[in-house]
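For reference, the structure discussed in these notes is given below.
The values are calculated or read from the model by the stated rules, or taken from the named source; none is laboratory data. Owing to the predicted nature of the structure, the values given are computational and were not obtained by experimental measurement. Virtual Cβ from ideal backbone geometry, glycine too; neighbours counted across all protein chains shown. SASA here: full protein model, heavy atoms, side chains in, ligands and nucleic acids out. Shrake-Rupley method; radii C 1.70, N 1.55, O 1.52, S 1.80 Å.
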Amino acid sequence: QVQLVESGGGLVQPGGSLRLSCAVSGSAFSIYAMGWYRQAPGKQRELVAHVSAPRGDFTYYSDSVKGRFSISRDNAKKTVYLQMNSLKPEDTAVYYCTRGSQSGTTYYPNSWGQGTQVTVSS
C-alpha cells in the first residue's frame, strides 16, 4: 500500500518562503502524476499544482498561486516538492500531497497524504 508523507510545513511571515516535500513509498513512483491540494478552514479543497509523469514535462498551477509556487519531482528520491514563495495569509491551509493519473491536462488523484499545516502570519 502506498504511503505519502509530507514535510516542510510551518509558520512563516507574509512574503516568506517554504518548501514542502512529499516522500512516497512503494515502487513505480515515476509512472504516476503527482499533485498538491490545500484546504483552508471553512473552504473547499483546492488543487494547487500537479506535475506529469514521468519527467514532469507538464505542470499546472491554480490561478491563486501561479508565478509564486513551483512543483517539481525527483524520481530517484521518489519525492515531489512544492516550492512556495511570496507567501500570503490566504495561503494558510493544510496542504496534501497526492498521487494519481493524468488524462490530457486533467489530474485525477487516487492516493492522499495526511497533510501538513502551512500558516502565513505576522
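Points to keep in mind about this one:
- Scanning region 63-93 for residues that are in a strand (DSSP E or B), touching a residue at least 60 places away in the same chain (Cβ under 8 Å) and touching a Ser or Thr at 6+ places or on another chain (Cβ under 7 Å) yields a total of 3.
- Top-ranked residue in region 79-93 [being open to solvent by 40 Å² or more (accessible area, probe 1.4 Å) and within 14 Å of the chain's Cα centre (by Cα); ranked as nearest to LEU47 (Cα to Cα)]: GLN83
- Scanning region 66-78 for residues that are closer than 19 Å to ASN110 by Cβ and open to solvent by less than 60 Å² (accessible area, probe 1.4 Å) returns ILE71, ARG73, ASN75.
- Identity of the residue in region 101-114, in contact (Cβ under 8 Å) with a residue 12 or more places away in the chain and assigned to a loop (DSSP other than H, G, I, E, B), that ends up most open to solvent (accessible area, probe 1.4 Å): GLN114
- The residues of region 3-56 that are open to solvent by 30 Å² or more (accessible area, probe 1.4 Å) and in a helix (DSSP H, G or I), listed by number, are SER30, ILE31.
- The C-beta contact set for region 1-23 (first residue touching a residue at least 40 places away in the same chain (Cβ under 8 Å), second residue of a type in the set (A, V, I, L, M, F, W, C) and open to solvent by 60 Å² or more (accessible area, probe 1.4 Å), distance under 9 angstrom, 6+ apart or interchain) comprises LEU4/TRP112; SER21/VAL5; CYS22/VAL5; ALA23/VAL5.
- Evaluation of THR98 against (1) open to solvent by 50 Å² or more (accessible area, probe 1.4 Å); (2) assigned to a strand (DSSP E or B) (one fails), failing number: (1)
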